[in-house]
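**Student:** Can you keep this structure in mind? I'll have questions shortly.
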Amino acid sequence: MRSAAGLMVAGALALGSALAPGPGAAAQEGQRASEGYLTPEHLADLARAVPTAPQDGSTEAADDVAASERLRRLENGDRWLLATRQAELRPAIALAHFDCALGFRVEAAESPRLVALLTRVLHDANEAAEIAKARAHRPRPVAVDPQRPACQVLSPAGRASASHPSGSASVGAAYGAALAALVPDRAEALREIGHQIGVSRMVCAMHYPSDVAAGEALGLAVFEDLARTPSFVADGQAARIEIATARAAGRTSPACAAERAALALPLP
């Protein structure tokens, strides 16, 4: 029988699972490629600094495969269900991933400046990862084993797309860093959720651990640079007003108990 925490998560995840974007797309909410904070040239420079994936036959590659196999034990459990939710990275929906870390709910419909800021962060973090992926193709765990379940609906092209570095881990880390900068008293918890979004991609068999580590490092590097742009500084000032309004409203998420239970589970 599924635990009570699992049932709570399952209910909270239904919408996110249905809407999760395909890998590598990271759903740009209609934004054009020119609408991030960083220039294409800057993103290309950041992508070039990403280490290549472990070579087939290396100890590092073997460790990746062994770690991915161990994570099969989590399939259909509470941590898997949380990973299903965290597969959704569109800003207006992904904001909910950070409700519990914030300690209050930020409604996307009431926070258009914050959603716009995160949309630009998403663009830069994902675009840098896509540039890095184009250098060499590493198959995903779900491509190596076509029968392995993923915690989102995958097209054949999505299952066959490149695994290294993880674009979702890049976006998750950048989201966590951006929100930490906007709400510094909750910074540690927000950065941790950004990290857990990357962990979820390993749980989902979409990436190997080294893919996630490289993606997370890239996302943090992207944020470090975009945070110094005048546009981000200006957007951040407007977003803080919306966040303060949400904090004053004091709404909380009923899914937080389930999230805590899922994150308390040790990884195999």
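Here, each number is a calculation from the coordinates, and none is a lab measurement. The structure displayed is predicted, hence computed values, not measured ones. Methodologically, a virtual Cβ is constructed for each residue, glycine included, from the backbone with ideal geometry; neighbour enumeration extends over all protein chains shown.
**Student:** For region 68-171, take the alpha-carbon Rg, divide it by the Kirkwood Rh, and send me Rg/Rh.
**Tutor:** A ratio of 1.01.
**Student:** Here is a further query. Expressed as a fraction of 2.2 N^0.38 Å, the rule-of-thumb size for a compact globular protein of N residues, what is the C-alpha radius of gyration of region 127-264?
**Tutor:** Values: Rg = 16.9 Å, N = 138, 2.2 N^0.38 = 14.3 Å.
Compared with the compact-globule rule of thumb, region 127-264 sits at 1.18.
**Student:** How many nm is it between the label spots at Q147 and R70, if each spot is 7 Å from the Cα in line with the beta carbon?
**Tutor:** Inter-label distance under the simple model: 2.4 nm.
**Student:** Please work out, to two decimal places, the log10 of the ratio I(q)/I(0) at q = 0.18, 0.26, 0.27 Å⁻¹ from a Debye calculation in which every Cα of region 34-82 carries one identical scatterer.
**Tutor:** With one equal scatterer per Cα and no solvent, log10 I(q)/I(0) is -0.76, -0.89, -0.93.
**Student:** Oh, and also: Per the chain: cysteines with no other Cys C-beta under 4.7 angstrom?
**Tutor:** Flagged as lacking a Cys partner: nothing.
**Student:** Something else now. Sorted by packing (mean other beta-carbon atoms within 10 Å per residue), highest first, where do 143-154, 214-225 land?
**Tutor:** Listed from highest to lowest mean packing, they are 214-225, 143-154.
**Student:** Could you size up the charge dipole of the chain around its Cα centre, putting +1 on the beta carbon of Lys and Arg and -1 on that of Asp and Glu, and report it in debye to the nearest 20?
**Tutor:** Rounded to the nearest 20 debye, it is 560 debye.
**Student:** Karplus couplings for region 136-149 from phi (6.51 cos²θ - 1.76 cosθ + 1.60, θ = phi - 60°), rounded to Hz, Gly and Pro as x?
**Tutor:** Values per residue, Gly and Pro as x: 7, 9, 9, x, 6, x, 6, 8, 4, 10, x, 8, 6, x Hz.
**Student:** Based solely on C-alpha atoms, express the radius of gyration and the Dmax of the chain in angstrom.
**Tutor:** Taking only Cα atoms of the chain, I get Rg and Dmax of 17.5, 55 Å.
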